[in-house]
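The values are calculated or read from the model by the stated rules, or taken from the named source; none is laboratory data. The model shown is predicted, which means the values in this text are computed figures rather than measured ones. A quick note on method: Cβ atoms are made from the backbone with ideal geometry, for glycine too, and the neighbour counts reach across all protein chains shown.
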Amino acid sequence: MPKRTATSAAQILLFPSGDPVPSIDFPVGAPAAVLIENSETGRARVPGCEAVLCGSFRQDVEGLKRAHEELMDVGCSVLSPSEVVPVHEVDGFVFMKGEETETPARIELKHLEAIQKASFVWLYAPDGYVGLSAALEVGFAHAQGIPVFSRNDVSDVMLKSFTHRVSSPKEVVELITQNKLPIPAPNVQVFQRYYKRVASQRGYERETAQNCLLLMVEEVGELARCLRKREKLTRHGASPRVSEAHELADVFLYTIHMANILGLDLGSAVREKEEVNLAKFVASK
């Protein structure tokens, strides 16, 4: 971005830290009949049906096993846990087969990472019961925009509002193949609030929409020069509606789509570029 003269009250704000959320690719219009054989399990797999199983491993292990099997039977790839085979328990934490050398904290972090990559979470809640760890996972999934489904009504009122009740995992697979999963809100609110503060601190708060558009178009032109050798694509025609919110949403969606096409981790790229911007801002003072 171009340099600006800092306001007298300008302060340096640190960019929020944290690992980026991996992008999730969903197949568009994938029919239920399209199956891929899983070489490890021998079961047919439906593309785009990556699931994470959550629930109390102490309350009903056999029920969790059945839920795990049911998910795989309907074509889901269960990202976590890889299998439900309890080995031992320490201070109330149940270790599954293959986790013997891991710490509880590391196991839970891997489970949360799997949720970020999943298309949905299947919550096993016998009689509506949800343990503390599962409650954490449901809240985490909700914050990440990953839908949570369960066959049972959840007893806790708050967790119930985060959970979609369905008859079976098969119903979820049908929702996925018919492109009817709930659309998550992009997880950008934290960054948007952050940049609102930064824009004020760096003296950008008086810029108009026209100013911002001109600067953005300039950046798009620079991106176009970087991509000048790539093949041009023809997309849908212009929409008759006129809405700043919708058009800006289109810009955002194309930005996300371009990052996926280029294989870029947009979260990391934005953080790295903002660190460069911050360094330039400090140097200009």
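Looking across 53, 64, one residue alone is surrounded by 20 or more Cβ atoms within 10 Å (Cβ to Cβ), hydrophobic (A, V, I, L, M, F, W, C) and outside any helix (DSSP H, G or I). It is 53.
Among the residues of the range 94-109, is any assigned to a strand (DSSP E or B), touching a residue at least 12 places away in the same chain (Cβ under 8 Å) and under 30 Å from residue 190 (Cβ atoms)? No, there is no match, as no residue in the range 94-109 is assigned to a strand (DSSP E or B), touching a residue at least 12 places away in the same chain (Cβ under 8 Å) and under 30 Å from residue 190 (Cβ atoms).
Here is the figure for the range 75-93: residues that are in a strand (DSSP E or B) and under 25 Å from the mean Cα position of the chain (by Cα) total 4. For the range 95-109, check the following and say yes or no: at least one residue is modelled with pLDDT of 90 or more and under 22 Å from residue 154 (Cβ atoms). Yes, some residue in the range 95-109 is modelled with pLDDT of 90 or more and under 22 Å from residue 154 (Cβ atoms). Consider residue 140 carefully, then state whether it is in a strand (DSSP E or B) and either under 27 Å from residue 93 (Cα atoms) or outside the structural domain of residue 48 (by TED's automatic domain parsing) (or both). For residue 140, the condition - in a strand (DSSP E or B) and either under 27 Å from residue 93 (Cα atoms) or outside the structural domain of residue 48 (by TED's automatic domain parsing) (or both) - is not met.
Screening the range 94-132 for residues that are of a type in the set (A, V, I, L, M, F, W, C) and more than 23 Å from residue 150 (Cβ to Cβ) and picking the one that is nearest to the chain's Cα centre (by Cα) gives 109.
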